[in-house]
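So the structure is just underneath, and the comments pick up after that.
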Amino acid sequence: MVATLFAGGSMMFGAPSKSMAVRAKLPDVEPPYWWVGMKCDTLQLMMHSPNIANAEFMVNYPGVKLDRQLSLDSPNYKLLYLTISPDTKPGRMEIKYKLNNRTLGLAYDLLPRDRKGEDYTGFDAGDVLYLLMPDRFAKGMDDNEVRMNGLDYKVGADRTDPNGRHGGDMRGIRNNLDYIDSLGVTAIWVCPVLENDMSGGSYHGYATTDYYNIDPRFGSNEEYQALIKEAHGKGLKVVMDMIFNHSGSNHPWMKDMPSKDWYNNPEGDKMTNYRLTTVHDPYVSDYDKEHTVDAWFVPSMPDLNQRNPHLMKYLTQNSIWWIESSKIDGIRMDTYPYADMQAMSQWAADVLREYPNFNIVGECWYANEAGSAFWQAGNKLNPIDTHLPSVMDFFFILNGRKAFSDDTNPWEGLNKVYDHLTNDFLFPNPQKILTFLDNHDTDRFLAEEPKTDEELARWKQAQAFLLTSRGIPQIYYGTELLMNGSKEGSDGYVRRDMPGGFPGDKVSAFTREGRTEMQNKAWDYLSKILNWRRTEARDVMANGSMKHFMPQNGIYAYQRKLGDKTVTVLMNGRDVPHTVTMERTLEILPYGTKLHNILTDSDVTIEEEMTFAPREVMILQNW
């Protein structure tokens, strides 16, 4: 349902095209529809049409009051601020306006809510997110179904170009939901899917040019809603990737800015220094901080000014609109510290006021624990409460290969893992940290595909730790297939296509027959832990406490505990067998304790002396 337009008393139903709006000189309206019964009773409508600033608006609908109509610097925008009383009934609201001695108007839909805000439950540490890039995952639409009418850059697919569009889409994800579900993950984080009408195609999605429409090369709003509905039907949550720090340079706002301060440095002469430490540096210069938060991210991504209250109202409503209209289960907010902290704090508070059980994770890319912890909600070291529930743990991106490979240096290997966790006191809520070994912006965890079981064992150890320690694990698509590589030279090299997801692929890794023997070993191992985690161990992983023992002789031990249920993990971080005494873990593993190893489906009895095979991992449950 969308806003419908009428002129001279005749109604024009359906979604208004851009060309129709121009011919009739009737405004585009954002958001395209809204709901009654929201906790926030204020609705901003952004009208965009030639000279619409000169129009005088009137609203006649029971329970709705037009409080303010605001003209901005551009004559082509008008903002209406409406108050919607709690007892307002759903229906079609008539909005009239006078312009150039002509009375025009539109009918705007106010919809009923189908559930309470409290019923939207976000993702938590009981979940495992599967991160995928739609353009590189699978293609489901025929080329003749892709409608690029209205786009300035009608860029098609070219799979030979690592930086170009490859043709994956929403339907391709839908067609492979059974594959994702069978792996054992519980949620899908989909890289941005909104329109990116940019030179080169902007396949990655991080240069938004329309905040209310899916990129037509990925499908439509209806296709996105269908994906989420089908995912929910399989018990899979969906996390939406949003970007409020910047837009794409071809966004209509850049061609016709609503107000002069809609963007920071609109002339584009300042690029960010990528130094997030300036945000909390007690000695920071104004120059350095400005070049972090107010400069452009890259030349094609101009910096939005979140200090503009009308822009922030627009962005906040946009988040709520996508939650309410598509039923997403969480938001991942890109480049979080690059935006204005105070404004984004209010954004998070407003979203969570409407949906108190929702979850938001912010991309806070730091090489240390303190920087990430600074951004989590409730951190007393931050003078501003960010209201941001979850932050991302980039430690393993920078140290993962060392942590699960170097077995000679006593300060490397599993000691790096142990030392990292000892800094969790910095985080108000360590269970709400998003943990991962790689993602779409980094090198793959594997530099190359393992050729032997011994090489595969290091990968297995890393995955086991990721899935059994504290926090919310995220797995990057293709991890289960041992996808590998470096982004050196092109991000596209770590965003390769899923084999079998595209017409003409010679093999399909979506099937057991299409995977190599080594890939099937990896897939089986990961799937075993994931399916155990989401069924038997979900509560322990979501809410269990953690106790660990510093690595000695290469052996690292830790336990998750919830009530009378425990999951104990023992791992040998060296490439040689080790026989050790178990005296130091007696407080959690008394001699004679019998536990079940979920990896081997066999029982293990704790003895005074135990031998661990090279890189061995035991995941032991007591039930």
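The values are calculated or read from the model by the stated rules, or taken from the named source; none is laboratory data. Model, not experiment: these values are computed from the prediction. Neighbour counts are summed over all protein chains in view; Cβ atoms, including those assigned to glycine, are modelled from backbone coordinates with ideal geometry. Accessible surface areas use protein heavy atoms only, side chains included; no ligands, DNA or RNA. Shrake-Rupley method; radii C 1.70, N 1.55, O 1.52, S 1.80 Å.
Just to check, using Stokes-Einstein with a Kirkwood Rh over alpha carbon pairs, what's the diffusion coefficient of the range 152-201 at 20 °C and 1.002 mPa s in µm²/s? All intermediate terms of the calculation are to be shown ahead of the outcome.
Values: Rh = 12.9 Å.
In µm²/s, the coefficient rounds to 166.
Are there any trypsin sites (Lys or Arg not before Pro) in the range 87-183 that are in a DSSP loop and have at most 14 other Cβ atoms within 10 Å? List them by number. Let's see the in-between values first.
Details: sites: Arg92, Lys96, Lys98, Arg102, Arg113, Arg115, Lys116, Arg136, Lys139, Arg147, Lys154, Arg159, Arg165, Arg171, Arg174; in loops: Arg113, Arg115, Lys116, Lys139, Arg147, Lys154, Arg159, Arg165.
The qualifying sites are Arg113, Arg115, Lys116, Arg147, Lys154.
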Reported to the nearest 10 Å², Leu381 has, with a 1.4 Å probe, an accessible area equal to 140
Computed Rg/Rh for the range 371-423 (Cα atoms; Rh = Kirkwood radius) stands at 1.13
Shape descriptors of the range 544-623 over alpha-carbon atoms, Rg and Dmax in angstrom, are 11.8, 36
Binned at 10 Å starting from 0, the alpha-carbon pair-distance distribution of the range 344-451 in whole percents comes out as 14, 39, 29, 13, 4, 0
The correct ranking of His166, His578, His232 by accessible area at 1.4 Å, largest first, is His232, His578, His166
A chain fully extended from Glu607 to Leu111 at 0.36 nm per residue, minus the present Cα-Cα distance, gains in nm 172.1 nm
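Using alpha-carbon pairs under 8 Å, 6+ residues apart, how would you state the relative contact order of the chain in percent?
Relative contact order here is 11 percent.
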Dividing the surface of the Cα convex hull of the range 485-588 by four yields a projected area in nm² of 10.8
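Suppose every K and R has +1 on its Cβ and every D and E has -1 on its Cβ; what is the size of the dipole of the chain about the Cα centre, in Debye to the nearest 20? List each step's numbers first, then the result.
Details: 66 positive and 85 negative charges, 322 e Å.
The calculation lands at about 1540 debye.
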Quick calc: nm separation of the 7 Å Cα→Cβ label points for Thr160 and Ser490 -> 1.1
Note: the range 82-182, point scatterers on Cα, Debye, no solvent; log10 I/I(0) at q = 0.16, 0.19, 0.23 Å⁻¹ equals -0.95, -0.99, -1.19
Computed over the range 451-497, the Cα gyration tensor eigenvalues, each multiplied by 5 and square-rooted, give semi-axes in Å (largest first) of 22, 16, 9
With +1 at each Lys and Arg Cβ and -1 at each Asp and Glu Cβ, the charge dipole magnitude of the range 511-595 around its Cα centre, to the nearest 20 debye, comes out at 200
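Listed here are the pairs Lys313/Lys561; Lys78/Lys432; Lys65/Lys260; Lys237/Lys487; which of them are more than 32 Å apart at the Cα? Could the numbers behind the result be given before it?
Values: Lys313/Lys561 43 Å; Lys78/Lys432 40 Å; Lys65/Lys260 28 Å; Lys237/Lys487 29 Å.
As for pairs spanning more than 32 Å Cα to Cα, those are Lys313/Lys561; Lys78/Lys432.
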Rounded to two decimals, the Debye log10 I(q)/I(0) of the chain (Cα scatterers, no solvent) at q = 0.07, 0.11 Å⁻¹ is -0.47, -1.10
With the dipole of the range 337-476 defined by +1 on each Lys or Arg Cβ and -1 on each Asp or Glu Cβ, the option from Gln376, Ala462, Asn399 whose Cα lies farthest towards the positive pole is Gln376
Computed Rg/Rh for the range 254-371 (Cα atoms; Rh = Kirkwood radius) stands at 0.98
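For the range 209-318, what D do you get in µm² per second when you plug the Kirkwood radius from alpha-carbon pairs into Stokes-Einstein at 10 °C and 1.306 mPa s? Each step should come with its number before you reach the end.
Details: Rh = 16.1 Å.
So the translational diffusion coefficient is about 99 µm²/s.
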Taking the dipole of the range 47-204 about the Cα centre (Lys, Arg +1; Asp, Glu -1; charges at Cβ), the one of Phe137, Gly105, Ile188 that reaches farthest to the positive side is Gly105
Expressed in angstrom, Rg and Dmax over the Cα atoms of the range 463-527 are 13.5, 42
In terms of the alpha carbon gyration tensor, root eigenvalues a ≥ b ≥ c, rounded if a/c is under 1.5 and otherwise prolate when a/b exceeds b/c or oblate, the range 12-170 is oblate
Loop-resident GluC sites (Glu not before Pro) in the range 424-481 with no more than 11 other Cβ atoms inside 10 Å, DSSP not H/G/I/E/B, are Glu448
